[in-house]
Every structure is written in C-alpha cells, then in structure tokens.
1. Of the residues that sit in the stretch 131-149 and are open to solvent by less than 40 Å² (accessible area, probe 1.4 Å) and outside any loop (DSSP other than H, G, I, E, B), which one is nearest to Arg176 (Cα to Cα)?
2. Please name all residue pairs, on different chains or six or more residues apart, with Cβ atoms under 6 Å, provided the first residue is in the stretch 156-182 and is more than 18 Å from Leu130 (Cβ to Cβ) and modelled with pLDDT under 90 and the second residue is open to solvent by less than 60 Å² (accessible area, probe 1.4 Å) and not in a helix (DSSP H, G or I).
3. Restricting to the stretch 90-123, give me the number of residues that are of a type in the set (A, V, I, L, M), surrounded by fewer than 17 Cβ atoms within 10 Å (Cβ to Cβ) and not in a helix (DSSP H, G or I).
4. Right, Ile80: assigned to a loop (DSSP other than H, G, I, E, B), crowded, with 16+ Cβ neighbours inside 10 Å and without any contact (Cβ under 8 Å) to a residue 60 or more places away in the chain or not?
5. Being in contact with a Leu (Cβ under 8 Å, 6 or more places away or on another chain), among the hydrophobic types (A, V, I, L, M, F, W, C) and not in a loop (DSSP other than H, G, I, E, B) is the filter; apply it to the stretch 150-183 and report the residue that is nearest to Leu139 (Cα to Cα).
6. In the stretch 1-45, which residues are farther than 27 Å from Gln67 by Cβ, in contact with a helix residue (DSSP H, G or I) (Cβ under 9 Å, 6 or more places away or on another chain) and part of a loop (DSSP other than H, G, I, E, B)?
7. Can you give me the number of residues within the stretch 4-27 that are without any contact (Cβ under 8 Å) to a residue 60 or more places away in the chain and either among the hydrophobic types (A, V, I, L, M, F, W, C) or open to solvent by less than 50 Å² (accessible area, probe 1.4 Å) (or both)?
Amino acid sequence: TEPLKVPETILSRTQRFDFKRLSAVDLVARLRTIADKESIKISDAALMLLARKAEGSVRDSLSLMDQVAAFATSDITEEIVTTALGLVGGQPLFDFVDAIALKDAGRAVRLLRGLFDQGIDVADFINELLEHLRSLLILSSDDKSDDLIPHSPDALAELKRQKSHFTTGDIVRMIRMAAEANL
C-alpha cells in the first residue's frame, strides 16, 4: 500500500516500516554470515551471483541460496548457481558480446544456438544480456564506477576489457535493440 493513500485515521493507529533493497555488497556480506552459520560452503562469486539475481531482496536471496544448497552435492561455485537457477552465466555473455565486437555473426548465432539447445529461455538470455550491457554502459561512462556494478573482481576486469571495444553510443544502440527484442 502506498502510504499517501492510507487514511490518516488508520495511519495514526499503525506502525510504519519502510523497507529498501540492499546493495549487492551488503547482501553478499549478509549471505556470507548466514552461509557460515549454516555450514554452507559457497564461493564469493556464487554469493555475488545470488545477490545480483535477487536484485537487493534479502528474502529472495535466501530463497535462492536455499534452492542452490539443496541442488548442490559439494561446495557451491558460480557454475553450480548458474546451473541450478537456469542462468546464462558470465562466460557465454562475454563470448556473445566479444562476437559482436569482432562482427562475427556466425559465432554469435552458434553461441545462441548452443544456449538455446541447453534449455536457456530467450527472454532470460535477453534480460541477462541487458544487465551485461548496462554494466558496460556504466563503465564506459565512468571508469571509477566499480561499486555500482555487482560483479566479482574477475568479471569486472573482463567487463573493463570488453568496454574498450565499443563507444558509449554503440552500447546504447545494443541496449535499445536487445530491449526491443525482449518485447
């Protein structure tokens, strides 16, 4: 309920709690504390992926971690999280954007075909691609914006390498095309 729409007579008899989403870094720290208490062995990269997927929601991130823990038979890695949640994952996105940078349409199509043959949903791929492109756009606008991009240090380094292949205008055009394809 929007607070402005609640009558004053009701507001005066209630307590109001305004919840906000956590940053990815704060959410990873919270998940790490819980994982340690529950003896769940999970990598920091896997926790970052869970935090990104939960988009700042503590409840969603805990639910996702619980799903992944039930799926995993050993230590939880980024690859296990990707498989358990049916995500595209980082490397295929980097490979796809590299194919675009090289103007290698055949490679891009083969990568997409391989993903879709693995059961990745087209809409899920486009959403993750949009997030990847958003990260590239943020980095192309400001090199010191690392804290705005919830990725592992390795992925962040790869994003910085990749952004050098594109102008800001190129990235905006790719975002526009991916968003139109997502309709």
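1. Leu133
2. Short answer, once both residue conditions are applied: none.
3. Of the residues in that region, 1 qualify.
4. No.
5. By that ranking, first place goes to Leu159.
6. Passing the criteria: Arg16, Asp18.
7. So the answer is 8.
The values are calculated or read from the model by the stated rules, or taken from the named source; none is laboratory data. Keep in mind that this is a model prediction, so the values were computed, not measured. Methodologically, a virtual Cβ is constructed for each residue, glycine included, from the backbone with ideal geometry; neighbour enumeration extends over all protein chains shown. Side chains are part of the model used for accessible areas, which takes the heavy atoms of the whole protein and leaves out ligands, DNA and RNA. Shrake-Rupley method; radii C 1.70, N 1.55, O 1.52, S 1.80 Å.
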